[in-house]
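Have a look at the structure below before the remarks.
Nothing in this text is a laboratory measurement; each read-out follows from the coordinates by a stated rule. Quick caveat, the model's predicted, so the values are computed rather than measured. All Cβ positions, glycine included, derive from the backbone under ideal geometry; neighbour counts span all protein chains shown.
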Amino acid sequence: MKTFYIIGFMGSGKTTIGMALARTLSIDFVDTDELIKIKTGKDIKDIFASEGEQAFREYERDVLLHTPARHCIVATGGGIVERMDNRQWLADKRVVYLQASWESIAQRLKEDQSRPIWADQTRDKQALLESRLSKYLEIASYTINTEQLSPQKIVDQIISFSSFNYE
């Protein structure tokens, strides 16, 4: 089975759904942010603080290119779509976009200070979500509006989607 890539804005549930999907399908799960932490030996917020967002995006690109091509679920970082070369690379892959409303994201992340972009009070996160929407949709094989859906219902939708056969 080809790898599934899960994209979406921070707080959309990529890691939660990716882990649940991998468990259901009995295949491996990887999170690009975790791969970056392993590669660099640093937390994401420390990379942003010491090296900047551009360096983080370079690490992100590198780990994306080295994700398994088969038998894996990959949860990406919310900003993976910022780079055109990432979008081009993902364009012919199996990509699930978890779409969540601004209100849901803000509620889920209201106390979260571990995400450097979310914690940055100078950034307009709602505008960032809106600017990324077309990029998510550009590469998505399948979009799931996650509002009012349990993680298991989202997993069931992904599995039932006809192009996600078990080749």
Likely footprinting exposure, Lys39, Lys135, fewest C-beta neighbours within 10 Å first: Lys39, Lys135
Pairs beyond 26 Å (Cα-Cα), from Lys45/Lys93; Lys14/Lys153; Lys42/Lys93: Lys45/Lys93; Lys42/Lys93
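Rank the residues Met10, Met84 as a footprinting-exposure proxy: fewest other Cβ atoms within 10 Å of their Cβ go first. Each step should come with its number before you reach the end.
Numbers: Met10 20, Met84 10.
Least to most surrounded, the residues fall as Met84, Met10.
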Label-to-label distance, nm, for residues given as Glu53 and Ala119 (7 Å Cα→Cβ offset): 1.6
Of the chymotrypsin sites (Phe, Trp or Tyr not before Pro) in segment 1-91, those whose Cβ has at most 15 other Cβ within 10 Å and which sit in DSSP loop: none
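If a/c stays under 1.5 just call it rounded; otherwise compare a/b with b/c (prolate if a/b is bigger, oblate if not). Do that for segment 74-167, with a ≥ b ≥ c from the square roots of the Cα gyration tensor eigenvalues. Walk me through the numbers before you get to the answer.
Working: a/c = 2.32, a/b = 1.38, b/c = 1.69.
Since a/c reaches 1.5 but b/c is at least a/b, the shape of segment 74-167 is classed as oblate.
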Exposure proxy ranking, count of Cβ atoms within 10 Å, fewest first, for Ile38, Ile73: Ile38, Ile73
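If contacts are Cα pairs under 8 angstrom and at least 6 residues apart, what is the relative contact order of the chain in percent? Mind showing how you got there, number by number?
On the way: 231 pairs, mean separation 56.8, N = 167.
This gives 34 percent for the chain.
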Acute angle (nearest 10 degrees) that the helix 125-139 long axis makes with the longest principal axis of the chain, alpha-carbon atoms: 40
Reachable aspartates and glutamates from Lys2, criterion Cα separation under 17 angstrom, eight or more residues apart if same chain: Asp28, Asp31, Asp92, Glu167
Degrees, to the nearest 10: 14-25 long Cα axis against longest axis of the chain: 30
Value at 222 nm in deg cm²/dmol, rounded to 500, when DSSP H runs of n ≥ 4 in the chain each add -39,500 (n - 2.57): -14500 deg cm²/dmol
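Using C-alpha positions alone, give me the convex hull volume of segment 32-99 per residue in cubic angstrom.
Numbers: hull volume 6.3 nm³, N = 68.
Per-residue hull volume (Cα only) is 92 Å³.
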Proximal aspartates and glutamates relative to Lys110, as straight alpha-carbon distance under 18 Å, when same-chain residues fewer than 8 apart are discounted: Asp120, Asp124, Glu147
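Using DSSP, restrict attention to beta bridges with both residues in the chain and report what percent are antiparallel, rounded to the nearest 5.
Values: 1 of 16 bridges.
So the antiparallel bridges in the chain amount to around 5 percent.
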